[in-house]
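The values are calculated or read from the model by the stated rules, or taken from the named source; none is laboratory data. Small disclaimer: the values here were computed from a predicted structure and weren't measured. Don't worry about glycine lacking a Cβ; one is built from the backbone with ideal geometry, like all the others, and counts go over all protein chains shown. Just so you know, the surface numbers come from the protein's heavy atoms only, side chains and all, with ligands and any DNA or RNA stripped out. Shrake-Rupley method; radii C 1.70, N 1.55, O 1.52, S 1.80 Å.
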Amino acid sequence: MSFTNLQRRISAAGGAVLVAAALTCGAVFAAPQAFADEPTGATVTTPERIDLAQASAASIPATTYTGYAQTPAVKLTAAGTTLQEGIDYTLSYQSNKNAGTARVTATGMGAYTGTKTVTFTIKPASISSVKPTTKVFTYTGKAPKVKVTVKALGKTIASKTGKTTASVKLVIPKNAKKVGVHTITVKGQGNYTGTKTFSIKVKPKATKLTSVKGTSKSAIAVKWSKPANDISGYQIKYWKSGGSVKTKTVGKTKGSLTVSGLKAGTKYSVKVRAYKTISGKKYYSDWSSTKSAKTKAAPKAKTTSGTVYITDTGEKYHRGTCRYLRYSKYSISKSEAQSLGYTACKVCRP
């Protein structure tokens, strides 16, 4: 131990421990000679204590928020001597848990008096991950209800939150209520920092197929509802059992469509969905439920078989009981009569 440090300890404890301190350092004193120059009954003067305000303090490196109080060491120097915590001073901390500026106060003891305050910075911790509950939303005309779970420091700091909190700022662009793809931003705040982004998709609202009816032997009529939507038009798909699927597209003002060119007496299935085109890309709603209808049956062809009758002079063919057969009557098949140019009698209607 140096004499300077010995002096600090003796001064702190008082002259009564002089001999004990000296023996601790391995020094040998002869008490009568040590104070021979002192008059009998003289008072020993204690050295003046040093004010810590005059000491210099090394800067404390910045730390990062951990969720716990931070207690970094403080290095103090006075008159070229490095002071020791617990011997020359004690430490107390203020505002040393949350991100921001923390303070450390050194209070003198022993040979030192007064205080010395040092500050250090606690930096926010970085957010590590952001997970949305879903990335696909349906158009409602309002901002989508985005919810996220955010992690930092190996723990969850926001669970399925849909709003800004003390730790997280959720930024949803104003145009996110429209159909399309939008970027959502999550920023750390308070004790956390960093920015994470992800994309969501807003799709058109699904439409309802209200009716499908066969209107002729080659056509069906399709109708659907038109809810409030952000769309460019509708896509209609129709097919018959075992046949290929065909598609038609109409504008957003349409609420019905007649599909023609179909096969008579055939059942067709239909469904519809809305879409919006943005920069050449189509965004579709979910499909409606499927409805079916049958085209009307084709009229039965008149039979060309059986026996009819013709006359010597007429250009008609008749039933056997027709009055026009009074003067002449020859049997012939209906198909042959038709092939020879005879037409049906309008009276007997064969």
Counted residues in the range 52-111 being on the phi > 0 side of the Ramachandran plot and open to solvent by less than 40 Å² (accessible area, probe 1.4 Å) come to 3
Scanning the range 231-253 residue by residue, those open to solvent by less than 40 Å² (accessible area, probe 1.4 Å), over 34 Å from the mean Cα position of the chain (by Cα) and farther than 12 Å from Val270 by Cα turn out to be Gly243
Note: among Ala166, Ala228, just one is surrounded by fewer than 17 Cβ atoms within 10 Å (Cβ to Cβ), without any contact (Cβ under 8 Å) to a residue 40 or more places away in the chain and assigned to a loop (DSSP other than H, G, I, E, B), namely Ala166
Restricted to the range 114-143 and to residues being among the basic types (Lys, Arg) and outside any loop (DSSP other than H, G, I, E, B), the residue most open to solvent (accessible area, probe 1.4 Å) is Lys131
- Message: Please verify whether Ala293 is outside any loop (DSSP other than H, G, I, E, B), over 41 Å from the mean Cα position of the chain (by Cα) and under 30 Å from Thr138 (Cα atoms), treating the condition exactly as stated.
- Response: yes
Restricted to the range 254-272 and to residues being open to solvent by less than 70 Å² (accessible area, probe 1.4 Å) and of a type outside the set (Gly, Ala, Ser), the residue farthest from Lys205 (Cα to Cα) is Thr266
Checked against (1) of a type in the set (Ser, Thr, Tyr); (2) crowded, with 19+ Cβ neighbours inside 10 Å; (3) not in a loop (DSSP other than H, G, I, E, B), Thr207 satisfies every condition except (3)
In the range 144-158, anything surrounded by 22 or more Cβ atoms within 10 Å (Cβ to Cβ) and small (Gly, Ala, Ser) is listed as Ala152, Ala158
Residue set Tyr284, Tyr275; condition of a type outside the set (D, E, K, R), open to solvent by less than 50 Å² (accessible area, probe 1.4 Å), within 30 Å of Lys223 (Cα to Cα) and modelled with pLDDT of 95 or more; output residue Tyr275
Expected output for the range 134-159 (first residue farther than 21 Å from Gly188 by Cβ and of a type in the set (Val, Ile, Thr), partner open to solvent by 60 Å² or more (accessible area, probe 1.4 Å) and in a strand (DSSP E or B), Cβ below 9 Å, 6+ apart or cross-chain) is Val136/Lys201
